[in-house]
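Undergrad: Please find one structure pasted underneath; my questions will follow.
The values are calculated or read from the model by the stated rules, or taken from the named source; none is laboratory data. These numbers come from a predicted model, not from an experiment. Please note: Cβ atoms are built from the backbone with ideal geometry, for glycine as well, and neighbour counts cover all protein chains shown. Areas reflect the complete protein model, heavy atoms only, side chains present, ligands, DNA and RNA absent. Shrake-Rupley method; radii C 1.70, N 1.55, O 1.52, S 1.80 Å.
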Amino acid sequence: FLELASVLCVCVCVVLGLRVMVVVPPKEVRVVLERTAQYVIRHGQAFEEKILLKEANNPKFSFLQPSDPYHAFYQQVLRGEEGDGAKSAREASEKVAKEGGETGGQKE
């Protein structure tokens, strides 16, 4: 269960009165997602559009697609709204990973 929780931490946040499921990505996806969001914040929406065109078939950037399960998390990062639930879920997944949950009990 802890291994699954570290990969698919799910939290519910309230946005404009609607419940939106936010899936917190695993660390390897989150690193690319957060770095991309930083570049988009600095360089604007046109930068994101260039990535979408250039990396359309690259699964590393699938979070840019609205249909991707990690897109809502990406949008939160862009807005600087990594809500308490998402942050708590992310911290929990990182704690599990540090304790060896993702490596089958072996520390990295």
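Undergrad: Considering only protein heavy atoms, with the full assembly of protein chains and a 1.4 angstrom probe, order V24, V31, V77 by accessible area, largest first.
TA: Ranking V24, V31, V77 by accessible area, largest first, yields V31, V77, V24.
Undergrad: What figure in square angstrom, to the nearest 10, would you give for the accessible area of E49 with a 1.4 Å probe?
TA: 100
Undergrad: Also, I was wondering about something else. Summing +1 for each Lys or Arg and -1 for each Asp or Glu, what net charge is found among the other residues whose Cβ lies under 13 Å from the Cβ of T36?
TA: +1
Undergrad: Order K54, K27, most accessible first, counting only protein heavy atoms with a 1.4 angstrom probe.
TA: Result of the area sort, largest leading: K54, K27.
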